[in-house]
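Enquirer: Take this structure, written in structure tokens, and hold onto it; I'll ask about it next.
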Amino acid sequence: MANYEPILKIIGTDSYLPAAFKPVFGASSEKLTIDHVAKAIASFERTLVLGNSPFDRYYFKGQTDAMTDAQIRGFTLFTGQGRCVSFHIIEQDQALFEDRRFHNIGIDINQFQQDVPHLIKVFLEANNKDGNVDGMVLSDKKSSGSLEGKLQ
């Protein structure tokens, strides 16, 4: 059974989210559960309208005015010289923009080399403790924020 406490703790200490759950879930949101979080995410996902972005209208429906000139130049670079479509796949009838594989994108390990031993330690502890690597690592400020600001 998964341990969702780290996720619930992060949401529970957020300055906005706990109050946002109250009007939706009422009194039952006094003790936030993973069921509340799952329902909130599912409700949000149902609001997403897919297949009608400017890109979809431009690329799949041939609506030439759906994207700006700058967006079209960016797309030309994306599919041409940038070779981004090598990994961000665009098919004939859909564009997921990913190939579900890990790729080395050339981030210089030297920028955060000093953090690697700590990151490995946190990962291994989480993996050996209960297998809840995401919860443990993401709730650890050093590991979850080690790259923050260094890649911007």
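Enquirer: When you look at Lys9, is it surrounded by 11 or more Cβ atoms within 10 Å (Cβ to Cβ), charged (D, E, K, R) and touching a helix residue (DSSP H, G or I) at 6+ places or on another chain (Cβ under 7 Å), yes or no? Give the derivation first.
Expert: On the way: surrounded by 11 or more Cβ atoms within 10 Å (Cβ to Cβ): yes; charged (D, E, K, R): yes; touching a helix residue (DSSP H, G or I) at 6+ places or on another chain (Cβ under 7 Å): no.
When the stated conditions are applied, Lys9 does not pass them.
Enquirer: Quickly run through segment 1-24 and pick out the residues that are of a type in the set (Asp, Glu) and either part of a loop (DSSP other than H, G, I, E, B) or in contact with an Asp or Glu (Cβ under 8 Å, 6 or more places away or on another chain) (or both).
Expert: Passing the criteria: only Asp14.
Enquirer: If you take just the helices (runs of 4 or more DSSP H) that sit entirely in segment 25-104, which of them hold at least 2 residues that are surrounded by 11 or more Cβ atoms within 10 Å (Cβ to Cβ) and among the charged types (D, E, K, R)?
Expert: 34-47, 54-59
Enquirer: Can you find, within segment 105-115, the residue that is surrounded by the fewest Cβ atoms within 10 Å (Cβ to Cβ) among those that are at pLDDT below 75 and assigned to a helix (DSSP H, G or I)?
Expert: That would be Asn110.
The values are calculated or read from the model by the stated rules, or taken from the named source; none is laboratory data. Here the structure is a predicted model, which is why all the values come from computation and not from measurement. Quick reminder, even Gly has a Cβ in these numbers, built from the backbone with ideal geometry, and neighbours come from all protein chains shown.
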